[in-house]
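Novice: Input: one structure, supplied below.
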Amino acid sequence: MSWQPQYRSSKFRHVYGKAASKEKCYDCVPITRNVHDNHFCAVNPHFIAVVTECAGGGAFLVIPIHQTGKLDPHYPKICGHKGNVLDIKWNPFNDFVIASCSEDATVKIWDIPKHLLTRNITSPKKELLGHVRRVGLIEWHPTANNILFSSGYDYKIMIWNLDTKEAVISNPVKILDAHKDVVLSMSFNTDGSVLATACRDRKIRLIDPRAGTVLQEASYKSHRVNKVLFLGNVKKLFSTGTSRWNNRQIALWDQNDLSVPLLEEDLDGSSGLLFPFYDSDTHMLYVVGKGDGNIRYYEISPEKPYLNYLMEYRSHLPQKGIGMMPKRGLEVSACEIFRFYKLIPTKSLIEPISMIVPRRSESYQEDIYPLTTGSQPALTAQEWLNGVNKGPVLVSLRPGSGAVNSLPQFLEPEPLMKTTDLSQPQGWGGRMLLEDMQKPSEIEDSRKQLKVEDKLPKNDQMCLSNGFDIFECPPPKTENELLQMFYRQQEEIRRLRELVNQRDVRVKQLELELRNICMDTGSY
């Protein structure tokens with residue numbers, strides 16, 4: 001009989017949740033009171049969008065991710081829907097495009113301006129008209145550009161191709177009519193070739209979205225499913241729901257056999273919904289309870305027991321909804337592997353919660369940051385509709401790799417030299433280039449800055465506040481950020497000292513040469 005260790009080795013055994021300080025939260029946000037079971041929040045590296053209370057229709061807020069603190073009560077809204085907004089999702093390949101669906105049976109696509117919002121946005125970029133009842137769910141395709149799925153209370157899932165010039169699209173490219181009740185959840189596998197759905201008839205279905213055929217159907221009686229999630233890279237499905245005795249329950253399924261779950265486990269007797277989130281890079285699964293303050297997290301393994309409980313983040317403040325930051329927006333220097341944005345309507349507060357691997361070193365940790373999904377699509381919409389399948393385009397999160405954020409031109413690193421106050425030293429916080437340090441005259445630097453300022457477009461200048469790009473690099477707010485900037489500045493000072501010492505040595509050499517020449521000429 002082979003010996004097995006009592007403890008399982010894992011680099012994520014000690015992951016802990018850390019709530020942001022009050023200054024890093026979003027305060028005075030009028031979070032929606034709608035009772036629909038959705039996240040009500042969508043996040044990307046530039047913005048956080050949250051469904052809000054609005055009289056006479058539906059609206060949501062789009063706040064720059066670094067604009068923390070108290071929100072202006074008159075902050076502009078996106079308010080073009082005639083009914084309550086039920087779901088919002090950012091385009092995974094364009095951080096300035098967001099989709100929303102509503103009780104008015106429409107789906108709208110919005111362009112978010114690259115400068116700060118100054119007035120309400122009421123006109124969408126595109127409007128999708130096809131559902132006859134309210135639309136409760138929307139999902140972007142994970143690898144194909146401009147493919148959107150929507151699900152309504154007419155029991156239909158519609159596939160939309162947004163690669164058209166029409167502002168109003170009334171004909172979806174495909175209608176999936178396989179459900180006999182309301183679809184509660186949708187999830188794609190890694191390459192987007194299979195769609196998993198959870199329906200109110202308690203069944204999980206695997207569907208080929210292009211053919212419209214049901215590949216598999218699970219009708220397991222003792223697990224009433226609410227949410228389903230594809231664990232794409234381990235060929236499994238995860239679902240949350242309730243048991244026969246109305247306990248909150250989780251279940252794990254084999255993708256190729258949905259007859260009986262591999263594992264089912266009762267959690268507690270609370271009535272709130274459970275939202276599952278999966279990180280395919282770390283194989284970690286997070287289960288967030290609606291109506292309570294808990295976040296449970298597990299590690300998925302390919303062999304039994306499949307689901308390994310790690311820890312639970314607890315808070316006395318209940319969450320109504322939750323948002324998730326994509327991996328390319330995380331702070332890798334702090335070993336952050338996941339970040340939630342918790343909606344707390346009782347305090348009108350959005351609280352970021354970071355999941356952190358405790359490491360002493362602040363250098364880049366290659367083992368916990370493998371290549372991850374980037375911001376470039378693998379396929380065009382037409383290629384996917386023609387039957388092509390491709391996995392996501394992967395990028396490295398290593399600082400300086402240049403492939404982390406898909407920024408438009410006005411947010412590229414070059415304009416970071418620009419500053420609104422020309423008397424300030426250029427490149428504070430580690431942004432001064434070595435070539436600029438080596439210029440002997442400060443006048444040349446100031447002239448260069450003036451030229452750069454002249455070339456700067458007006459909309460770029462709007463994004464600068466006190467010399468900082470508010471989207472890319474805000475002033476330091478935490479001790480960690482301040483230390484990083486301090487170390488960068490110390491490194492610059494060290495380089496400058498070395499440069500001055502070299503020049504001092506050169507000056508002494510020239511003085512000696514000059515003295516030798518004088519002595520030689522005097523001897524003659």
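Novice: Over region 16-373, what is the mean sequence separation of C-alpha contacts under 8 Å (at least six apart), divided by residue count, expressed as relative contact order in percent? Don't jump to the answer; show the numbers that get you there.
Specialist: Details: 914 pairs, mean separation 46.8, N = 358.
Reported as a whole number, the value is 13 percent.
Novice: Moving on to the next point. Counting only C-alpha contacts under 8 Å and six or more residues apart, can you give the relative contact order of region 1-121 as a whole percent?
Specialist: Details: 201 pairs, mean separation 24.2, N = 121.
Normalised by residue count, the contact order of region 1-121 is 20 percent.
Novice: Out of every Cα pair in region 16-373, what percent are spaced more than 29 Å from each other?
Specialist: Details: 24697 of 63903 pairs.
In whole percent, the share of Cα-Cα pairs in region 16-373 beyond 29 Å is 39.
Novice: Ratio of region 153-311's C-alpha Rg to 2.2 N^0.38 Å, to two decimals?
Specialist: Rg over 2.2 N^0.38 Å, computed on Cα atoms: 1.09.
Novice: Of Lys126/Lys227; Lys77/Lys156; Lys82/Lys290; Lys82/Lys125, which sit over 21 Å apart, Cα to Cα? Can you show the working numbers first?
Specialist: On the way: Lys126/Lys227 29 Å; Lys77/Lys156 30 Å; Lys82/Lys290 27 Å; Lys82/Lys125 16 Å.
In this structure, Lys126/Lys227; Lys77/Lys156; Lys82/Lys290 exceed 21 Å between Cα atoms.
Novice: So how do 102-108, 363-369 stack up, highest first, on mean other-Cβ count within 10 Å?
Specialist: 102-108, 363-369
Novice: Looking at region 1-103 from every direction and averaging, what is the projected area of its Cα convex hull in nm²?
Specialist: Details: hull surface 44.3 nm².
About 11.1 nm², averaged over all directions.
Novice: 5 Å is the cut-off here: which amide hydrogens, built 1.01 Å from N in the peptide plane, fall below it relative to Ile157, excluding neighbours closer than 5 in sequence?
Specialist: Residues meeting the criterion, in which the H sits 1.01 Å from N, are Leu176, Ala178.
Novice: Quick query: amide H of Tyr306 versus all other amide H atoms, modeled in the peptide plane; which residues come in under 5 Å with a sequence gap of 5 or more or a different chain?
Specialist: Counting only residues 5 or more places away or on other chains, the set is Ser301.
Novice: So how do Arg205, Arg224 rank on accessible area, 1.4 Å probe, biggest first, that is with the largest at the start? Kindly include the intermediate steps, with their values, before the conclusion.
Specialist: On the way: Arg205 5, Arg224 60 Å².
Descending order: Arg224, Arg205.
Novice: Each residue of region 79-94 in order: what ³J(HN,Hα) in whole Hz does its phi give by Karplus 6.51 cos²θ - 1.76 cosθ + 1.60, θ = phi - 60°, with x for Gly and Pro?
Specialist: Using θ = phi - 60°, the values come out as 9, x, 7, 8, x, 4, 6, 9, 7, 9, 8, 6, 5, x, 10, 8 Hz.
Novice: Give, as a single signed number, the net charge of other residues whose beta carbon lies under 11 Å from the beta carbon of Ile159, with Lys and Arg counted +1 and Asp and Glu -1.
Specialist: Net of charged neighbours comes to +2.
Novice: Using 0.36 nm per residue, how much length does the chain from Val393 to Asp208 gain when fully extended, once their Cα-Cα distance is taken away? Present the calculation step by step, with values, prior to reporting the outcome.
Specialist: Working: separation 185, 0.36 × 185 = 66.60 nm, distance 2.19 nm.
Full extension from Val393 to Asp208 adds 64.4 nm.
Novice: Now, a different point. Please list, by residue number, every one of the GluC sites (Glu not before Pro) in region 224-315 that is coil in DSSP and has at most 10 other beta-carbon atoms within 10 Å. Walk me through the intermediate numbers first.
Specialist: Details: sites: Glu264, Glu265, Glu299, Glu303, Glu312; in loops: Glu303.
Sparse-neighbourhood loop GluC sites (Glu not before Pro): Glu303.
Novice: If you don't mind, another one. Could you put Cys79, Cys518, Cys25 in order of accessible surface area, largest first, with the 1.4 Å probe and the full protein assembly present? Present the calculation step by step, with values, prior to reporting the outcome.
Specialist: Working: Cys79 35, Cys518 80, Cys25 5 Å².
Highest to lowest solvent-accessible surface, that is Cys518, Cys79, Cys25.
Novice: Figure the gain on full extension for Lys18 and Thr122 (residue separation times 0.36 nm, minus the Cα-Cα span) and round it to one decimal in nm.
Specialist: 33.7 nm
Novice: Which whole-number percentage describes the relative contact order of region 208-307, with Cα contacts under 8 Å and a sequence gap of 6 or more? Don't jump to the answer; show the numbers that get you there.
Specialist: Numbers: 190 pairs, mean separation 18.4, N = 100.
Relative contact order here is 18 percent.
Novice: First select every other residue whose beta carbon is under 14 angstrom from the beta carbon of Ala178; then total the charges, Lys and Arg +1, Asp and Glu -1.
Specialist: Numbers: positive: Lys156, Lys174, Lys180, Arg200, Lys203, Arg205, Arg210; negative: Asp154, Asp177, Asp181, Asp201, Asp208, Glu217.
Computed value for this residue: +1.
Novice: In whole Hz and in residue order, list the ³J(HN,Hα) couplings for region 366-371 that follow from phi through the Karplus curve 6.51 cos²θ - 1.76 cosθ + 1.60, θ = phi - 60°; x for Gly and Pro.
Specialist: The phi angles translate into 4, 6, 9, 10, x, 4 Hz.
Novice: At R0 = 45 Å, how high is the FRET efficiency between Leu499 and Glu331 if r is their beta carbon distance? Nearest 0.05 is fine. Can you show the working numbers first?
Specialist: Working: r = 32 Å, r/R0 = 0.71.
E between Leu499 and Glu331, to the nearest 0.05, is 0.90.
Novice: Order these peptides, 136-146, 372-382, 172-182, by their mean beta-carbon neighbour count within 10 angstrom, highest first.
Specialist: Working: 136-146: 22.3, 372-382: 19.4, 172-182: 16.2.
Order by mean packing, descending: 136-146, 372-382, 172-182.
Novice: Now, a different point. Could you tell me the distance between the Cα centroids of region 352-382 and region 37-89, to the nearest Å?
Specialist: Spelled out, the Cα-based centre of one part sits 26 Å from the other.
Novice: So, one more: At a probe size of 1.4 Å, how large is the accessible area of Thr346, to the nearest 10 Å²?
Specialist: Solvent-accessible area, nearest 10 Å²: 110 Å².
Novice: By average Cβ neighbour count within 10 Å, what is the ranking of 285-293, 161-169 from highest down? Each step should come with its number before you reach the end.
Specialist: Details: 285-293: 19.9, 161-169: 13.1.
Output ranking for 285-293, 161-169: 285-293, 161-169.
Novice: In whole Hz, what ³J(HN,Hα) sequence does region 276-286 give by Karplus (6.51, -1.76, 1.60; θ = phi - 60°), x for Gly and Pro?
Specialist: 3J(HN,Hα) across region 276-286, in whole Hz: x, 9, 10, 10, 5, 6, 9, 6, 9, 10, 10.
Novice: Something else about it: From the protein chains alone at 1.4 Å, what is the descending order of accessible area for Met284, Met311, largest first? Numbers along the way, then the final one.
Specialist: On the way: Met284 0, Met311 85 Å².
Correct descending sequence by accessible area is Met311, Met284.
The values are calculated or read from the model by the stated rules, or taken from the named source; none is laboratory data. Computed from a prediction, not measured in an experiment: that's the story for all the values here. Please note: Cβ atoms are built from the backbone with ideal geometry, for glycine as well, and neighbour counts cover all protein chains shown. Just so you know, the surface numbers come from the protein's heavy atoms only, side chains and all, with ligands and any DNA or RNA stripped out. Shrake-Rupley method; radii C 1.70, N 1.55, O 1.52, S 1.80 Å.
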